[in-house]
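Read through the structure below, which is laid out as structure tokens, and then see the notes.
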Amino acid sequence: MLNFKNDLKYRPKADRSKILLISDDIRFHSGIATISRELIMGTAHVYNYATVGGAVNHPDKGKKLDLSISTNELTGIEDADISIYPVDGYGDVNLIRALLIQEKPDALVFITDPRYYTWLFQIEHEIRQKIPMIYLSIWDCEPAPLYNKEYYRSCDTIMAISKQTEILTKVVLGEYADEKIIKYVPHGINDNHFYKIDENHEKYSELQKFKKDLVGNYEFVVLYNSRNIRRKSTSDNIAAFKLFLDSLPKEEADKCCLVLHTHQVDENGTDLPAVIELFLGDRKNQVIFSDPGVDIAYMNMLYNSADVTTLISSNEGWGLSLTESMMSGTMIIANVTGGMQDQMRFEDESGNWIKFDESFCSNHFGRYKKCGDWAIPIFPSNMSVQGSVATPYIFDDRADFRDVAKAMSEVHSMTKEERVRRGLLGRSWVTSDESMMSAKNMCKNFYDAIEQTLSTFKPKNKFKILKVKDRPLKTLKFPISL
């Protein structure tokens with residue numbers, strides 16, 4: 001009966017804890033939706049779920065949908081209990097209060113940037129009198145966001161998706177860190193969905209047709225798969241591709257293309273066809289758009305069609321397209337910032353995967369240069385302190401598109417066999433127990449954190465008497481890890 005692919009022991013429906021999960025609607029294609037879907041599918045045999053499924057202008061808002069039957073079909077179990085409440089945004093106070101009564105969950109789990117949950121943190125005392133609050137947390141860059149301190153204090157457990165998020169959370173919490181469960185739970189990809197298709201694979205002929213239909217006779221393919229928004233630096237990829245082509249003899253340049261798996265125009269980004277026309281001119285047809293609204297099988301074919309995947313975001317909590325590319329056996333070019341640096345596996349002087357501490361919270365300044373052979377790192381050429389009222393300061397790590405062009409040239413100069421060798425090293429590492437970036441490992445880490453939380457949770461008292469003190473200065477001994 002059971003065909004879920006991890007080591008978590010099956011529990012009958014009546015014996016499972018219920019999780020109230022707030023995230024993107026798991027039926028959609030965002031990175032948060034993808035990870036939430038993997039977590040639910042990988043733990044549906046040990047937990048029951050009521051999910052608040054967020055979207056912008058959600059077409060199903062106000063409904064309750066039962067996904068139990070479809071979950072049974074996907075996982076091979078017979079008694080899944082999965083429901084979804086579609087909402088605009090991530091819901092509101094009244095919805096959560098109603099669901100606490102109606103669904104009677106044992107824990108509340110929520111995902112993504114804390115600024116989307118200020119309303120939730122305002123009722124944390126009310127929630128934590130009954131159940132724990134568990135935050136799958138993301139933070140893109142230094143300096144340590146001291147303005148998030150009260151948000152982090154409002155949680156019983158923080159699952160940090162990157163090593164940088166983990167250390168910055170501890171720095172921000174300071175003396176309160178010991179009161180929390182803080183665990184490294186990196187994003188994980190399903191290795192049954194993303195895999196290498198070589199000439200011996202049964203889908204090789206299908207891949208050849210897919211690639212021919214997508215890119216025609218182009219022989220060297222650079223792939224970009226992310227949103228067309230400012231921080232993703234999509235236009236810098238186009239400028240880099242232009243310089244890369246200019247560095248080649250004409251006959252070689254004619255064999256190269258850039259595939260953009262994104263929307264051509266986005267109000268949060270730019271008009272990409274206009275950018276392409278400016279930089280590429282009569283070579284504009286060497287930039288090919290791929291429809292972003294597709295299924296997982298298409299995406300695996302897309303990564304297998306590419307020689308390298310590039311993501312040079314100036315801020316990036318994780319960068320899921322890199323993990324998917326590595327799982328598919330395709331090399332990556334990435335900016336050294338946020339969670340992307342985890343996926344490149346930078347080594348210290350002893351050859352070990354680097355660790356962060358209070359005085360070294362990120363490798364974006366380039367303390368360590370050596371990384372896994374599957375990655376070509378781009379160290380930021382400059383950093384600007386950006387901010388807003390809600391997030392007063394954060395580094396914007398800008399990659400120089402000229403460095404990206406050099407990285408494209410480096411990958412192009414390799415033989416096809418060398419690119420495949422390096423890509424397969426990436427797949428081997430991303431499926432390993434060291435990286436913990438497979439769906440199996442992610443679900444196990446998620447389960448361990450929840451079980452530890454449930455076993456140690458102590459409900460908060462209805463009220464607490466506090467002595468009013470002067471607010472301490474929000475400053476750090478080590479503001480940045482130079």
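Side notes on the structure shown:
- The residue that is surrounded by the most Cβ atoms within 10 Å (Cβ to Cβ), among those in the stretch 28-57 that are modelled with pLDDT of 95 or more and assigned to a loop (DSSP other than H, G, I, E, B), is 44.
- Restricted to the stretch 285-307, and to residues there that are surrounded by fewer than 19 Cβ atoms within 10 Å (Cβ to Cβ) and of a type in the set (Phe, Trp, Tyr), the residue that is nearest to residue 263 (Cα to Cα) is 289.
- Residue count for the stretch 160-182, restricted to those that are in contact with a strand residue (DSSP E or B) (Cβ under 7 Å, 6 or more places away or on another chain), assigned to a helix (DSSP H, G or I) and not basic (Lys, Arg): 4
Residue-by-condition table, conditions (1) out of contact with any Cys (no Cβ under 9 Å at 6 or more places or on another chain); (2) surrounded by fewer than 19 Cβ atoms within 10 Å (Cβ to Cβ); (3) of a type in the set (Asp, Glu); (4) assigned to a loop (DSSP other than H, G, I, E, B):
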| residue | (1), (2), (3), (4) |
| --- | --- |
| 385 | yes, yes, no, no |
| 397 | no, no, yes, no |
| 408 | no, no, no, no |
| 411 | yes, no, no, no |
| 419 | yes, no, no, no |
| 445 | yes, yes, no, no |
| 454 | yes, yes, no, no |
| 466 | yes, yes, no, yes |
| 475 | yes, yes, no, yes |
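- Checked against the criterion of being out of contact with any Leu (no Cβ under 8 Å at 6 or more places or on another chain), in contact (Cβ under 8 Å) with a residue 12 or more places away in the chain, of a type outside the set (Phe, Trp, Tyr) and over 27 Å from residue 130 (Cα atoms), the candidates 222, 215 yield just one match: 215.
- Within the stretch 255-290, the set of residues being part of a loop (DSSP other than H, G, I, E, B) and in contact (Cβ under 8 Å) with a residue 24 or more places away in the chain comprises 255, 262, 263, 264, 266, 268, 269, 270.
- Residue list for the stretch 273-284, restricted to those being surrounded by 16 or more Cβ atoms within 10 Å (Cβ to Cβ) and among the basic types (Lys, Arg): 283
The values are calculated or read from the model by the stated rules, or taken from the named source; none is laboratory data. Note that the structure is a prediction, hence the values are computed from the model and not measured. No Cβ is skipped: glycine too gets one built from the backbone with ideal geometry, and neighbour counts run over all protein chains shown.
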